[in-house]
Amino acid sequence: WLCTQGYVASAVCAPSRAGLISGRQPVRVGFESNLAGRGDNPHTMDEYLGLAPTERTLADHLKHNGYRTGAVGKWHLGYAEEHYPTNRGFDDFVGMRSGHHDYFPENVRHTIERNGERVESFSSPYITDYFTDEAIRYLGNGDSEQPWFMYLAYNAPHTPMQATEEDLAHYVHIGNQKRRTYCAMMHALDRGVGRVVEHLKATGQYDNTLIVFFSDNGGARNTNASWNGPLSGSKGNLREGGVRVPMIITWPGRIPAGEGTYDGVVSALDLLPTMLASCGGEVLPLTDGSGRNEGPRVYDGIDVLPYLVSGEPTPDRTMFWRLQGQTSVLVNGDDKLIRLAHRPAQLFHLATDVGEQTDPAGNHNDRVLELYTLINDWERSVPA
């Protein structure tokens, strides 16, 4: 399915990844904004820059249920030893811990590593192709009976804007140099995903593999010349262009064959419950708080597989985002309120105005108050 109303947990990359890997809203896990630069403040402590060790990742849960787990590519969930992927449920990791990296690592002082050791040679000189090589290496030949989970996190098309001459040659007709480079970078990413899928087919693993493909946030139009179609906004804000992304979910052996679109509301936060339900696994028994404040750990997604199999819409759901002075609530994929710092709130009806061009807030005070109340009640339920 192409999920036409697929959302991520945040409009910037690090908290978005924290949400998808933990299954919990980033604000709930104390991860509201991107990681601060390590060199920006002499008092910065690495142990506080990342996903808290008390949180359990999707890899933790799947490993607990017998899966082999691997991560390839961008991590961006912490720099301290306790944040390292192999200490967060992954058996293997190759990639970089930072949020971005040069695409030709052999030409720079790169930070690509494998399980804590610096990589000394590359199977492909372009990092997107190298990550594809590593993903295929991890997948193997399908001769193991142990199930696996792979978190393949390409950094493309994040800055710096760099592409191979071969890929750029496909887009010489595009006059804008930045846009041409962006398209060439996406060409390499598409090629990589295609190679992974073809490998799964060639090794007999494709039919029994659940694949979810999406971005960590909307396009950063001003920095990488991306395009968000009819959606307003971009990476870094809570308009649809910041949190609504192309999302493809496929499982040939389980989800009915055929190309189509699915219009129900789907979130990156749904990955954890969906994958655990799909494999018949269980969530690690953990709680939040201690003593009289102790309570069951809250996960914010739902198992969407039954709806994808049947084609029925997902149930009514209310979703929240909070990022750097902005807070937003979306009810049933339609009514959306964005609360802004020092400015009036904005109300949009996405069913008739997906581009968020008309703000009828002044004419719907009762609805605005109702959605404001939802935001206030939600904020009381999560950490300050």
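Observations
- R191-R367 FRET efficiency (beta carbon distance; Förster radius 35 Å; 0.05 resolution): 0.15
- Peptides 183-190, 6-13, 117-124 ordered by packing proxy, namely the average of other Cβ atoms within 10 Å per residue, highest first: 6-13, 183-190, 117-124.
- Most to least accessible of Y126, Y79, Y299 (protein chains only, probe 1.4 Å): Y299, Y79, Y126
- Charged side chains reduced to their Cβ positions (Lys and Arg at +1, Asp and Glu at -1) give region 61-173 a dipole of some 420 debye around its Cα centre.
- ³J(HN,Hα) computed for each position of region 74-84 - Karplus, 6.51 cos²θ - 1.76 cosθ + 1.60, integer Hz, glycine/proline x: 7, 9, 6, 10, x, 10, 6, 4, 5, 8, 4
- In terms of Cα atoms, the Rg and Dmax of region 124-278 work out to 17.1, 51 Å.
- Other-chain or far-sequence residues with amide H under 5 Å of D288's (modelled H): G295, R297
- Close amide-amide hydrogen proximity is noted between F149 and R68, T69, G70, each under 5 Å apart and 5 or more residues distant or on a separate chain (H modeled in the peptide plane; Pro and chain starts excluded).
- Highest-first arrangement of 15-22, 242-249, 359-366, where packing means the average Cβ count within 10 Å: 15-22, 242-249, 359-366
- Region 261-384 - charge dipole about Cα centre, Lys and Arg +1 at Cβ, Asp and Glu -1, debye rounded to 20: 460 debye
- When DSSP beta bridges are restricted to pairs lying wholly in the chain, around 65% turn out antiparallel.
- For the chain, a crude dipole built from +1 on the beta carbon of Lys and Arg and -1 on the beta carbon of Asp and Glu, taken about the Cα centre, is about 640 debye to the nearest 20.
- Cross-link partners for K178 among the aspartates and glutamates, with Cα-Cα distance under 18 Å and sequence neighbours closer than 8 places in the same chain left out: D102, E165, E166, D167.
- Applied to region 145-160, the Karplus parametrisation 6.51 cos²θ - 1.76 cosθ + 1.60 on θ = phi - 60° returns per-residue 3J(HN,Hα) values of 7, 6, x, 10, 9, 10, 9, 9, 10, 4, 8, 5, x, 5, 4, x Hz, with x for Gly and Pro.
- Projecting the Cα atoms of G194, F320, V72 onto the dipole axis of the chain, where Lys and Arg carry +1 and Asp and Glu carry -1 at the beta carbon, places F320 farthest toward the positive end.
- Counting only DSSP H runs of at least 4 residues, each contributing -39500 (n - 2.57), and dividing by the residue count of the chain, the helix-based mean residue ellipticity at 222 nm comes to -7500 deg cm²/dmol.
The values are calculated or read from the model by the stated rules, or taken from the named source; none is laboratory data. In this text, all values refer to a predicted model and were calculated from it rather than measured experimentally. Positions of Cβ are generated from backbone atoms using ideal geometry, with glycine treated the same way; all protein chains shown enter the neighbour counts. The protein model used for the area step is the full one, side chains on, heavy atoms only, and it has no ligands, DNA or RNA in it. Shrake-Rupley method; radii C 1.70, N 1.55, O 1.52, S 1.80 Å.
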